[in-house]
Amino acid sequence: MDQHELTRLADELRALPARTPEPMEVPSSWLRRDNGTWSAVYPDGMVGEPFSFAQMLAIRGEDVGEILESLMSAGLVTDARPTGAELFEGPRE
């Protein structure tokens, strides 16, 4: 783009009407299923996709390994089975 095109684009962007962000739909409650997963329940009665506590921690960037082991030891996370897979972030020494 040359300077004329950039100037014109900037002018057009400034002329766009202000856009109000769409409000985020906030869950009105949470549903805990028998298998230990959770789903958001919205004000209109719709129920969101189920997710596990470990998935929730992982989304936040938490290291779920030690936390999950502690929760399993306490009996708060049930029906968990080892997969036999070990994950490493870097090369093994």
Item to check | Heavy-atom surface of the stretch 1-54, accessible at 1.4 Å and reported per residue (Å²) | outcome: 90
Checklist outcome for this item: Quick tally, 1.4 Å probe accessible area for 76, 68, sorted with the most first, runs 76, 68
Checklist outcome for this item: Once both label points are put 7 Å beyond Cα along the C-beta direction, the residue 62-residue 74 separation in nm becomes 1.0
Next on the checklist: Under a crude label model (7 Å from the Cα following the beta-carbon direction), how far is residue 55 from residue 10 in nanometres?
Outcome noted: 4.6
Next on the checklist: Quick check: from the Cα gyration tensor, does the stretch 17-70 come out rounded (a/c under 1.5), prolate or oblate?
Outcome noted: oblate
Checklist entry - Where nothing but the Cβ of Lys and Arg (+1) and of Asp and Glu (-1) is charged, how large is the charge dipole of the stretch 1-77 around its Cα centre, in debye to the nearest 20? => result 240
Checklist outcome for this item: In the neighbourhood of residue 57 defined by beta carbon distances under 13 Å, the net charge of the other residues (Lys, Arg +1; Asp, Glu -1) is -3
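The values are calculated or read from the model by the stated rules, or taken from the named source; none is laboratory data. Everything quoted here is computed from the prediction, not taken from an experiment. Cβ: placed from backbone, ideal geometry, glycine included. Neighbour counts: every protein chain shown. To get the accessible areas, we keep the full protein, side chains included, count just its heavy atoms, and leave off ligands, DNA and RNA. Shrake-Rupley method; radii C 1.70, N 1.55, O 1.52, S 1.80 Å.
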